[in-house]
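The values are calculated or read from the model by the stated rules, or taken from the named source; none is laboratory data. Source: prediction; values computed, not measured. A quick note on method: Cβ atoms are made from the backbone with ideal geometry, for glycine too, and the neighbour counts reach across all protein chains shown. Heavy atoms of the whole protein, side chains included, go into the accessibility calculation; ligands, DNA and RNA do not. Shrake-Rupley method; radii C 1.70, N 1.55, O 1.52, S 1.80 Å.
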Amino acid sequence: MTSLSTEQSSVDAGATTSRRAPTQFPFGSLTADGGASADPVLVEIVQGSLAAVEMEVETAIARTSRSPMIRDAHDFRAGIHDRKLRKLTGRSYSALVHPIARDFPLEEMVPGDVFFHNDVYESEGGIGHLPDLCVTVPVFHLNPETGKQEVVAFVQAFGHHDDIGGAVPGSMPSNATSVYEEGLAVPPIKLWDAGVPVRSALRIMTRNSRTPEALAADLDAECSACLMGAQRLGELFDRYGRDAVESAFDAIIDNTTRTYRREILSKIPVGTWVWEDYAEHDGVEDPKLHTQRITLTRTPEDDPEGERLILDFAGTSPQAKGPINHCGDYSDGVFLKKWLAPILRNLADTPERMAELDVNEGIVPLIEMRFPPKGTLLTPEFPAPTNARTFVILRLLGVLAGVIAKAVDGRMPADQETIRYTGVYGEDMEGRPYLMREVLGGGAGGRYYADGEDTIHVVPDSRNLPTEFTESRFPFIVEKLGLAKDSGGAGQFRGGLGYEKHIRMLKDANFMSIADRSILACWGVKGGKAGSPFQVVVNPGTPEEREIDALADAEPIKAGETIRIRTTGGGGWGDPLDRDPEMVVRDVLWDKVSEQKALEDYGVVLTGSVATDDLGHDAEATKRERERIRAERAEEPFFDRGPGYAALSGGNFAAEVDWA
């Protein structure tokens, strides 16, 4: 068994880690009985109203914003929080209200106030990089005893904006070594004061942006939508009364806690497991393994501090010189808990039940996080750069899935990498500057009951930019947009496929890319194979073909040149030799798997052809081929990382933690 020790590149695994770090925002309920006496009918009404308001806010932003990233790609989210700063809605992740309440006492807020922030190090962990701009609006209700309007909740929206200044267009310099190169950082401020926009603050932000008109329009859309949402929530309080609504809030959160304890935690046996995964490069140093490690402990029911999951990040690598760091250790890691918790839903009894489980503040008491000392990828020290922090927080989703897979004999999905930024910028045919940036998804990991989905996006409801829109606005032609054949990892249940997109430039431009998984592929589990990595090639199939690094700020592209982008395929689940041969034939018919891979990866001997419409397989020959492959292959680890791992590990094909 060949393995790799990561001690050289990791913070000392024996270093003291914090336990339930002190926070000025303790978890607590609004009512004395924690919602136990709430009317169950009203709870359903309130929960449905919250979901409706959240969706109305997001719909308003999508219809009134201006930038392609917000309006078309939908890279934004809304959230509703109570006056205890607890997230009430669970359709998606959102930022935190904590920094607003920290800097602006609730009793001093007035109707019409709109707060703004994007400073990563002042966000209590809720903002990952500077392009994520966040607006927060308090909700008010008249206290009949005092005759004053009091804060009872918050409506918030945050999204990834096209440009907030910094060293490169798009505000994501791949070789940044400090936050000062990444754009304008704004700690919590008032953007609207008692219903009046603070024009001086807006002018500072737009003056620092390369796309000032789009930025101003997006902020106006977000502020207006959140003010509308606050009005809707205020009407809910007026209709049912503050005591009844707040009791329903407590019940909503308590229901989540009890549901996850009963349906999810019960699936994980008591014990401790360790796993790790890696980012492959930081844009500054040469590619290497940047370790992210989780030691998972599932405590018993009689544990003095309660039944919970402990996530210990000791063993995580030191903070990177480049921009892949993430500030996860603020406010007891409350943002990170809600970010990672959706992975737990994979343990639900059925996919249908999984889709019904919300992730709101109710999951917070069930997860304890223990962070290493300052100076790691998850505990960076100011002014460490963070613009590509997706390399860490997305990887952590996979690390949590992997360590749970070890605990439950693989009944978790294989890996996926579903966000990366690519784009072009320059001057259009009329000489006007433009920036086109897109968040393309990738294939999801295979599951123990089904193949992975193709081309999914980690941001719910987000999407690729419509071809008709981009061709009409930017100087290029989209010559192809489809599925990347053979990109999904082989398995009994195959990994989902990534995108393949071809763009032909009509005018000289610069290409940009902020992407990971170009060396280290999405891992397969329990016999499943890794998917294909991310790749960008210019002029594919010609003598001028050249590959572009996954981290690129300004790769020159000439008019007439074609850019081919292939995003990651998801990892496979289970032994590919156990896959139903008829499913392999179907994959070949659907152009998802090539005839060559059908034989090499799945041991399926095909007959006939797609062209003659008689494609099938030889059952006896397939059986013999699979027996031959099984007899010749060596012992395999529980996780397959693909061939790229050896390139960064000194020739090792598996880490010590990869063996079940």
Relative packing of peptides 39-52, 106-119 - highest average C-beta neighbours within 10 Å first: 106-119, 39-52
Size of electric dipole in segment 40-259: Cβ of Lys, Arg +1 and of Asp, Glu -1, about Cα centre, debye, nearest 20: 180
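Probe of 1.4 angstrom, ligands and nucleic acids ignored: what's the accessible area per residue over the chain, in square angstrom?
Values: 24840 Å² over 660 residues.
Value returned for the chain: 38 Å² of accessible area per residue.
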5 angstrom amide H check on His617, placed H, neighbours 5+ away: Thr607
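Please give the length that would be gained between Thr206 and Glu44 if that part of the chain were fully extended, namely 0.36 nm times their separation in residues minus their C-alpha to C-alpha distance (nm, one decimal). Mind dumping the intermediate values first?
Values: separation 162, 0.36 × 162 = 58.32 nm, distance 4.21 nm.
Full-extension gain reported as 54.1 nm.
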Mean ellipticity per residue at 222 nm, deg cm²/dmol - from DSSP H runs of n ≥ 4 across the chain, formula -39500 (n - 2.57): -8000 deg cm²/dmol
Amide proton proximity set for Leu435, modelled H, under 5 Å, gap of 5+: none
Read-out volume of the Cα convex hull per residue in Å³, derived from the coordinates shown; its label in [x] 161; [y] 203; [z] 180: [x]
Rounded FRET efficiency, nearest 0.05, which uses the C-beta distance separating Ala167 from Arg473 and R0 of 25 Å: 0.50
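If you scale each eigenvalue of the Cα gyration tensor by 5 and take the root, what three semi-axes come out for segment 40-259, rounded to whole angstrom and sorted largest first?
Equivalent ellipsoid semi-axes, largest first: 31, 18, 16 Å.
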Net length gained if the chain between Glu544 and Arg630 were fully extended (0.36 nm per residue, minus Cα distance): 26.8 nm
Shape box of segment 34-90 [Cα atoms, principal axes, largest first, Å]: 46, 21, 14
Among beta bridges that DSSP assigns inside the chain, antiparallel share in %, nearest 5: 95
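Determine the sum of side-chain charges near Arg626: Lys and Arg each +1, Asp and Glu each -1, restricted to other residues whose C-beta is under 14 angstrom from that of Arg626. Spell out each step's value before the answer.
Details: positive: Arg579, Lys623, Arg624, Arg628, Arg630, Arg633; negative: Asp575, Asp578, Asp580, Glu600, Asp601, Asp618, Glu620, Glu625, Glu627, Glu632.
Charge balance near Arg626 sits at -4.
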Using θ = phi - 60° and Karplus 6.51 cos²θ - 1.76 cosθ + 1.60, couplings along segment 565-582 (whole Hz; Gly, Pro as x): 10, 10, 8, 5, x, x, x, x, 10, x, 5, x, 6, 9, 6, 4, x, 5
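Specify, per residue and in Å³, the volume enclosed by the convex hull of the alpha carbon atoms belonging to segment 419-513.
Values: hull volume 9.3 nm³, N = 95.
So the per-residue Cα hull volume is 98 Å³.
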Size of charge dipole - the chain - debye, nearest 20, with Cβ of Lys, Arg +1 and Asp, Glu -1, no other charges: 260
Distance from segment 228-250 to segment 133-159 (C-alpha centre basis), Å: 11
Label-point separation, Gln231 to Glu381 (7 Å along Cα→Cβ), nm: 5.0
Asp302 paired with Ala450, simple spin-label distance in nm, labels 7 Å along Cα-to-beta-carbon: 4.1
0 to 90° range, to nearest 10: angle between helix 242-263 axis and the chain longest Cα axis: 20
On Cα atoms only, tilt of 212-240 relative to the major axis of the chain in degrees: 60
Highest-first arrangement of 649-657, 398-406, where packing means the average Cβ count within 10 Å: 398-406, 649-657
Note, ³J(HN,Hα) from phi for segment 84-89, Karplus 6.51, -1.76, 1.60, rounded to Hz, x at Gly and Pro: 8, 6, 8, 6, 9, 9
Within straight-line cross-link reach of Lys148, lysines at Cα separation under 23 Å, skipping those fewer than 8 residues along the same chain: Lys84, Lys190
Accessible area of the chain belonging to carbon and sulfur atoms, whole % at 1.4 Å probe: 50
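Sum up the charges of everything whose Cβ sits under 10 Å from the Cβ of Ser247, counting Lys and Arg as +1 and Asp and Glu as -1, but leave Ser247 out.
Working: positive: Arg242; negative: Asp33, Asp39, Asp243, Glu246, Asp250.
Computed value for this residue: -4.
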Residue-wise HN-Hα coupling along segment 357-368, computed from phi with Karplus coefficients 6.51, -1.76, 1.60 (Hz; x: Gly, Pro): 7, 7, 10, 10, 5, x, 7, 4, x, 8, 10, 10
For segment 338-411 and segment 573-619, distance of Cα centres in Å: 36
Under-5 Å amide H pairs with Arg370, H placed in peptide plane, nonlocal only: Leu311, Asp312, Phe313
Separation of the Ala52 and Asp103 label points, Cα + 7 Å toward Cβ, nm: 3.5
Restraint check, Lys480/Lys597; Lys480/Lys592; Lys406/Lys623; Lys321/Lys558, Cα-Cα greater than 26 Å: Lys406/Lys623; Lys321/Lys558
Degrees, to the nearest 10: 390-407 long Cα axis against longest axis of the chain: 70
